[in-house]
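Every number in this text was worked out from the coordinates using simple rules, so none of it is lab data. Everything quoted here is computed from the prediction, not taken from an experiment. Counting neighbours? That spans all protein chains shown, and the Cβs are built from the backbone with ideal geometry, glycine included.
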Amino acid sequence: MLGEHTITEVLVFFGLVAFCLWLDLHFHRNDKPVSARDAAMWTTGWVSLAMLFAGYIGFTEGADKAQLFLTGYLLEESLSVDNLFVMMAIFGSFSIRDNMQHRVLYYGILGAMVMRLIFVAAGTSLVAVFGPYALAGFGVFVLWTAWKMWQSMHTEKEEIVDYSNHWAIRWTQKVLPVHPRLNGHDFFVKAPHGPNNHLVWKATPLFLCLVVVEISDVMFAFDSVPAIIAITSDPFLVYTSNIFAILGLRSMYFLLAAAKRYLRHLEKSVIVILAYIGIKMLLDVAGVIHISPMISLAVVAGLLSVGILASFLPDKTKNAE
C-alpha cells in the first residue's frame with residue numbers, strides 16, 4: 001500500500017479524512033435535511049481538501065505524483081457520477097426521508113473506505129473474476145429501479161410505515177432477523193423474535209438501505225478502480241484519489257436531492273439517466289459498445305439540463321385549472 005510513500009503521508013491522509021468526517025457528523029447530528037447551501041459548502045470543502053492534498057503530494061513527492069493523483073481523482077469523479085442517481089433511486093425505493101439520508105451516506109462512506117481498500121489491494125484480479133457478472137446483474141437492477149421510479153410518479157406517494165412486504169425485507173429475513181419498521185435513525189433494534197418472543201437484535205429497513213447503497217458503490221468500483229490503476233499502479237495514489245472523489249460526490253448528492261425538491265421535472269430526467277446507465281452497463285458487459293466517460297458525462301449533463309430548463313417553463317396543468 002505504501003510503495004514509495006512515507007508513513008507520514010498515510011497519517012496525513014487518514015488524519016484529514018477522519019477529522020473532516022467527525023466535523024461532518026457533528027454538524028449533522030440532529031438528523032435534519034441537508035439544505036442546498038449546506039451541501040454546496042461541504043462539496044466545496046471536500047474538493048478544496050483534495051486540492052490541498054494534491055499540493056502536499058506535489059511538495060513531498062514531486063509534480064508528477066501530484067498530477068497522477070489529480071488525474072485519478074478527476075477520473076473517479078466522472079466515472080462515479082452515475083452513482084448519484086442510483087443512490088437517489090435507492091432512497092426512493094426505501095422511502096427514506098430527507099432527514100435520514102445523510103446518516104445512511106455518512107456510514108456508507110466508512111464502508112466504502114474499507115471496500116475500496118480491498119479493491120485496490122486486490123488490483124484487477126477481483127474485477128477479472130467477478131466483474132462482468134456483477135456488472136450485468138447490477139445493470140438489470142438499475143433498470144428495475146428506473147422502472148419503479150417511473151411507476152411511483154404515477155401513483156400517490158405515501159410514506160411506508162410497515163415494510164413487511166418490501167422486497168428487501170422479503171429477501172433478507174430468510175437469513176437475518178429484520179424489523180419491519182423504522183426505529184428513528186437506528187440501524188438495529190432489539191425486538192421480540194420467534195414463537196417464544198425472545199428479544200434479539202434485528203436490522204431495520206434503514207440498515208438494509210445502507211447495505212444496498214454499499215453494494216452500489218462496490219458495483220461502480222468494478223468499473224472505476226481498474227480505470228485508475230491503468231493510469232497509475234501506485235496503490236496509495238489510486239486509493240487516496242478514490243476516497244477524496246467519492247467523499248465529494250456524496251456531498252454533491254445532496255445538491256441533486258435539494259434541486260429535485262424544487263424542480264418538478266428533474267425526477268423525469270433522473271429516471272431517463274438511470275435507464276441510460278443500466279443500458280450502458282449491459283451493452284458494455286455484452287461487448288456491444290463501450291461508451292467513454294466523457295460521452296456519459298455529456299449525456300447526463302444534457303438530460304439534467306433538459307429537466308432543469310423544463311421545470312422553469314409555465315405549468316400548463318395548473319394554468320388549465
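Cα convex hull of the range 143-259: mean projected area in nm², to one decimal? Directional mean of the projected Cα hull area for the range 143-259 stands at 10.5 nm².
Taking all C-alpha pairs of the range 45-105, those more than 18 Å from each other amount to 53 percent. Which angle between 0 and 90 degrees, to the nearest 10, do you get for helix 36-61 versus the longest principal axis of the chain when only C-alpha atoms count? Approximately 20 degrees, to the nearest ten. Only helices enter the 222 nm calculation for the chain: every DSSP H run of n ≥ 4 contributes -39,500 (n - 2.57), and dividing by all residues gives -25500 deg cm²/dmol, rounded to 500. Note on the chain: Cα Rg divided by 2.2 N^0.38 Å, N the number of residues, gives 1.05. Listed peptides 166-178, 44-56, 199-211 appear in the order 199-211, 44-56, 166-178 once ranked by packing, highest mean of other Cβ atoms within 10 Å at the front.
Tell me, what are the semi-axes, in whole angstrom and largest first, of the equivalent ellipsoid of the range 1-91 as set by the roots of 5 times the Cα gyration tensor eigenvalues?
On the way: eigenvalues 156, 61, 28 Å².
Value: 28, 17, 12 Å, ordered largest first.
Pairs over the 32 Å Cα-Cα cut-off, from the set LYS32/LYS202; LYS32/LYS148; LYS65/LYS260; LYS32/LYS190: LYS65/LYS260.
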